[in-house]
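Notes for the one structure printed next.
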Amino acid sequence: MNKNSSNTMALTPNTPNKRETVCIFGTGDFGRALGHKMIQSGYPVVFGSRSAQTSSLLPKDAEVLSHAEAAQKAAVIIIAIQRQHYNFLAPLAEILHGKVLVDISNNLKINQYPESNAEYLAQLVPGAKVVKAFNTVSAWALQSGTLDASRQVFVCGDDVEAKQMVMDIVRALGLTPLDQGSLLAAQEIENYPLQLFPMWKFPIYLSLGLTAFFFFYCLALDVIYPYIYENKDFSFFIAISIPNKVCPILALILLALVYLPGVLAAIIQLYRGTKYRRFPDWLDKWMLCRKQLGLVALAFASVHVLYTLVIPIRSYVRWRISSYTVSQALNNKTSPLDITNAWLSDSYVALGILGFFLFVLLGITSLPSVSNNVNWREFRFVQSKLGYLTLILCTAHTLVYGGKWFLNPSSYKWYLPHAYMLSLIVPCAVLVVKFVLIFPCIDKPLTQIRQGWERNPRYSA
C-alpha cells in the first residue's frame, strides 16, 4: 500500500520550487555526466550501484546506494547500463513496479537485436513504465556544455504520463524533447546515433565520382596530350591548374543537381495529373539530400575562389607575363588593348563574384540557426528564387569564360570537348526546362495540381 502511494505521489507534476528525486542506475561516464547536469538543474540525484561507496568521480551532492535502496527513493530511474547487464533488474521487478524506467542505451551496430533495448527492458520488468530517451546525447556534450549540436532528445514510450515526466526533465536540463510516439519507435531512435551522415552519403559519393572523372579527363587533355603530341611537360598543372578546373565544374554541376529533382517532380506531376501519388524512391531520396548537395557544391566553389586568388603568384603565370613583355620589347611593338576581351574578362569575373555571393547566401540560410528565424515564404524565396538566380549567374560565368572556344577546332583535343563544356549540360538543361515550366499554359495547371486538383480522381486513393 505504501509502495503504490509513493509511486502515485511521484507521478504527480513537479512543482516549480521542488524537483523530484531522480535515480540513476550506473556510475559510468554517461551516468556521472547526466547526474552532474541534473544536480546543476536542481534535481536531487541518487545513484544505484553494485558498490554503495562514494567515489571521487561522482558528483559530491549525489547519494550512492544499492540498486534496491536507490530505486525506492525515486519514481524516475535512468538505466545508464548496457543491455547485456540488464539481468540484475529482474530480481528488482517488485520494487520497480509502477516506476518510470528511462532506457538510454545504444548498440554497437544497427538492428543488433530483434527488438529494441527499450522493448527488451519492458519485457524484463513488465510492471514498469519504460521510456526511451537521452541516447542521442553524448557524455562529452553534457560535461562540456557544448550541446548546440545535440540539443534534441528523442523520447518515446507507451505511457503518456511517464513520457511527459521524462520530457519535463529533458526541458529542465536545457534540451529539446521530441515526442516520437510509442515504444515501437525505440529501435529507430537507437539506430539514429549509429548512422554515419546518412544524408551525406549520396552527395559525397557522387562528388567523389565526378571529381575522379573530371580530374582524369583534364589530366588527359592538359597534361598527357601535350606531352605526347608536343613534347611539353605540363605535369605541374596537377597542383593548381587542374584542381582549379575541376572545382568550379563540380560546383556548377552539383548546384544544378540541387534543382533538377524539383524540375523532374514537376514533370511527373504534370504527367500524372495529381499530387497524391508518391514519387519514385530514388527521387524522394534525391530531394531529401538537396541541402547536402548544395553545401558540397558551395565547398567546391569556395576552393575554386581560393585557387583563383593564388594565380598571380604562380611561377608559370609570372613566366608567361614576363616572356610576353620581353617579346614585345624585342619586337619594339606594343599590342593594343582588346576591348572585346577586356569586356569578356570583366564580365565573367563579375558574374562569378555575384554568383559566389548568392551561393554563400544560400549556404547561410540553410543553417538551422538562420532558417529557424525566417518564415516559410522567406526561406522558399531565398532557396528557390535566389537559388535559380545563382544557377543562372554561375552558368553565365562559365559560358562567358569559354564561349569563344566552342567553335574553335583546336580546342577539341582527341575530338573531346573541354571539361567546362561538359559541365554546362546539366545546368543548361535544368534552366531550359524550368523556363518552359514557368510559361502560363504550363504553370497554371501545375499550380492547380499542387493545390489538390486531379485530372483523374481515381489516383486520390
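The values are calculated or read from the model by the stated rules, or taken from the named source; none is laboratory data. Predicted, not measured: the structure shown is a model, and the values here were computed from it. Neighbour counts run over all protein chains shown; Cβ positions are idealised from the backbone, glycine included. Note: accessible area is taken over every heavy atom of the protein model, side chains too, but ligands, DNA and RNA are not part of it. Shrake-Rupley method; radii C 1.70, N 1.55, O 1.52, S 1.80 Å.
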Tell me, what HN-Hα J-couplings in whole Hz come from the Karplus equation 6.51 cos²θ - 1.76 cosθ + 1.60 at θ = phi - 60° for each residue of the stretch 187-192, using x for Gly and Pro?
5, 5, 5, 6, 6, 4
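On full extension of the chain, what length is gained from Tyr412 through Leu367, given 0.36 nm per residue of separation minus the C-alpha to C-alpha distance? Walk me through the intermediate numbers first.
Values: separation 45, 0.36 × 45 = 16.20 nm, distance 4.21 nm.
Separation in residues times 0.36 nm, less the Cα-Cα distance, equals 12.0 nm.
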What number of lysine-lysine pairs in the stretch 306-461 show an alpha-carbon separation below 25 angstrom, given a sequence spacing of 8 or more or placement on distinct chains?
4
Could you tell me what percent of the accessible area of the chain is made up of carbon and sulfur, with a 1.4 Å probe and every protein chain present?
62
Keeping all protein chains in place and using 1.4 angstrom, which order do Ser182, Ser423 fall into by accessible surface area, from largest down?
Ser182, Ser423
For the stretch 22-194, averaging the sequence separation of alpha carbon pairs under 8 Å that lie six or more residues apart and dividing by its residue count, the contact order in percent is 20
Long-range HN-HN contacts of Ile78 with modeled amide H, under 5 Å:
Cys23, Ile24, Phe25, Val102
Given Lys37/Lys285; Lys129/Lys291; Lys60/Lys132, which pairs have Cα atoms separated by over 29 Å?
Lys37/Lys285; Lys129/Lys291
Skip the ligands, DNA and RNA, and give the accessible area per residue of the chain with a 1.4 Å probe, whole Å².
57
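I need the helices of the chain that pass two filters: whole DSSP H segments spanning 20 Å or more by Cα along the axis, and mean Kyte-Doolittle score no lower than 0.0. Walk me through the numbers before you get to the answer.
Working: long enough: 201-219 (27 Å, 1.47); 241-272 (47 Å, 1.60); 290-309 (29 Å, 1.07); 315-331 (24 Å, -0.29); 339-365 (39 Å, 1.60); 387-402 (23 Å, 1.22).
Length and hydropathy pass: 201-219, 241-272, 290-309, 339-365, 387-402.
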Less than 14 Å Cβ to Cβ from Ala186, Lys/Arg counted +1 and Asp/Glu -1: what total charge do the surrounding residues give?
-4
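Quick check on the chain: helices-only [θ] at 222 nm, where DSSP H runs of length 4 and up contribute -39,500 (n - 2.57) each and the sum goes over total residues. Nearest 500, please. Intermediate values should be presented prior to the final figure.
Working: 21 runs with 246 residues, N = 461.
So the calculated ellipticity at 222 nm is -16500 deg cm²/dmol.
Treating only the Cβ atoms of Lys and Arg (+1) and Asp and Glu (-1) as charged, compute the dipole magnitude of the stretch 22-194 about its Cα centre; round to the nearest 20 debye.
Working: 13 positive and 16 negative charges, 77 e Å.
The dipole magnitude comes to about 360 debye.
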Report the net charge of residues surrounding Tyr316, where surrounding means a beta-carbon distance below 13 angstrom and charges are Lys +1, Arg +1, Asp -1, Glu -1.
+2
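Normalised by the residues of the chain, what does the relative contact order come to in percent, with Cα pairs under 8 Å and at least six apart?
On the way: 585 pairs, mean separation 52.0, N = 461.
About 11 percent, as a whole number.
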Which one, Pro59, Gln82, Pro114, is farthest towards the positive end of the dipole of the stretch 22-194 when Lys and Arg carry +1 and Asp and Glu -1 on their Cβ?
Pro59
Of (i) 74, 20, 16; (ii) 37, 25, 20; (iii) 61, 29, 19, the label for semi-axes √(5λ) of the Cα gyration tensor in Å derived from the coordinates:
(iii)
Under a crude label model (7 Å from the Cα following the beta-carbon direction), how far is Arg19 from Trp282 in nanometres?
5.2
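Any idea what the dipole of the chain comes to, in debye rounded to 20, about its Cα centre with Lys/Arg Cβ at +1 and Asp/Glu Cβ at -1?
Details: 40 positive and 27 negative charges, 218 e Å.
In total the dipole reaches around 1040 debye.
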Using amide H atoms built 1.01 Å from N in the peptide plane, name the residues 5+ places from Gln180, or on other chains, whose amide H lies under 5 Å from its own.
Val155, Cys156
Provide the solvent-accessible area of Glu188, counting protein heavy atoms only and rolling a 1.4 Å probe, rounded to the nearest 10 Å².
140
Pick out, from Ile189, Ala93, Cys23, the residue whose Cα sits farthest towards the positive end of the charge dipole of the stretch 22-194, with +1 on the Cβ of Lys and Arg and -1 on the Cβ of Asp and Glu.
Cys23
Across the stretch 69-86, in residue order, what do the Karplus-derived ³J(HN,Hα) couplings come to in whole Hz, using 6.51 cos²θ - 1.76 cosθ + 1.60 with θ = phi - 60° and x for Gly and Pro?
5, 5, 5, 6, 8, 9, 8, 10, 10, 8, 8, 9, 9, 5, 4, 5, 10, 6
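When the chain is fully extended, how far beyond the present Cα-Cα distance does Ala239 get from Gln152, taking 0.36 nm per residue of separation? Intermediate results must be reported in sequence, preceding the final value.
Details: separation 87, 0.36 × 87 = 31.32 nm, distance 4.29 nm.
Separation in residues times 0.36 nm, less the Cα-Cα distance, equals 27.0 nm.
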